[in-house]
Amino acid sequence: QVQLVESGGGLVQPGGSLRLSCAASGSIVSVSAMGWFRQAPGKEREFVAAISWTGITKYYADSVKGRCTISRDNAKNTVFVQMNSLKPEDTAVYYCAARHSSVAVTTLEYDYWGQGTQVTVSS
């Protein structure tokens with residue numbers, strides 16, 4: 001099993017920035033790719049960004065491309081997502097996810113999920 005704990009969410013003004021972190025523990029040696037997803041009230045959970053074990057392969061949703069950077073520190077078993085130029089439509093619960101295979105962009109392909117961290121973009 002793999003446990004994921006997100007942190008770094010909060011209230012931020014439009015145009016501001018946030019850095020979300022996801023700490024992994026448990027059977028992490030078997031984890032390969034990790035990703036971030038988000039879910040706004042009344043909406044489906046959607047892909048934000050994903051990164052391979054090596055950190056070489058990265059995918060971003062079109063809605064965040066250019067404003068978002070995903071990275072990982074394997075020594076600390078932590079994945080980060082830096083989000084800049086935040087907009088009210090970025091408001092959502094952000095979830096970290098992990099899987100045992102290559103990078104993926106759909107929720108069904110991920111094996112483990114964190115509890116989520118709330119991000120609210122509002123003035």
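The values are calculated or read from the model by the stated rules, or taken from the named source; none is laboratory data. Everything numeric in this text was worked out from a predicted model, so none of it was measured. Please note: Cβ atoms are built from the backbone with ideal geometry, for glycine as well, and neighbour counts cover all protein chains shown. Protein only, heavy atoms only, side chains kept; ligands, DNA and RNA dropped before computing areas. Shrake-Rupley method; radii C 1.70, N 1.55, O 1.52, S 1.80 Å.
Before moving on, here are some points about what is shown:
- Residues of region 18-51 satisfying the condition of being without any contact (Cβ under 8 Å) to a residue 40 or more places away in the chain, among the β-branched types (V, I, T) and surrounded by 14 or more Cβ atoms within 10 Å (Cβ to Cβ): none
- Selection status of A97, in contact with a Leu (Cβ under 8 Å, 6 or more places away or on another chain) and buried (at least 16 other Cβ atoms within 10 Å of the Cβ): yes
- One residue alone among S63, S32 is at pLDDT below 95 and under 16 Å from T106 (Cβ atoms), and that residue is S32.
- Looking only at residues in region 35-60 that are in a loop (DSSP other than H, G, I, E, B) and closer than 16 Å to V93 by Cβ, the one that is farthest from the chain's Cα centre (by Cα) is G42.
- Enumeration of residues in region 81-115 that are out of contact with any strand residue (DSSP E or B) (no Cβ under 6 Å at 6 or more places or on another chain), of a type in the set (A, V, I, L, M, F, W, C) and part of a loop (DSSP other than H, G, I, E, B): A104
- Test: S21 is in a strand (DSSP E or B), out of contact with any helix residue (DSSP H, G or I) (no Cβ under 6 Å at 6 or more places or on another chain), closer than 21 Å to T107 by Cβ and not hydrophobic (A, V, I, L, M, F, W, C): yes
- Screening T54 against (1) polar (S, T, N, Q); (2) open to solvent by 40 Å² or more (accessible area, probe 1.4 Å); (3) in contact (Cβ under 8 Å) with a residue 12 or more places away in the chain leaves a single unmet condition, (3).
- Scanning region 61-80 for residues that are open to solvent by less than 30 Å² (accessible area, probe 1.4 Å), in a strand (DSSP E or B) and over 16 Å from G15 (Cα atoms) turns up I70, T78, V79.
- Residue that is farthest from R67 (Cα to Cα), among those in region 1-17 that are in a strand (DSSP E or B) and either open to solvent by less than 30 Å² (accessible area, probe 1.4 Å) or touching a helix residue (DSSP H, G or I) at 6+ places or on another chain (Cβ under 7 Å) (or both): V2
- For T78, the criteria (1) free of Cβ contacts under 8 Å to residues at least 60 places away in the same chain; (2) within 20 Å of L108 (Cα to Cα) hold in every case but one, which is (2).
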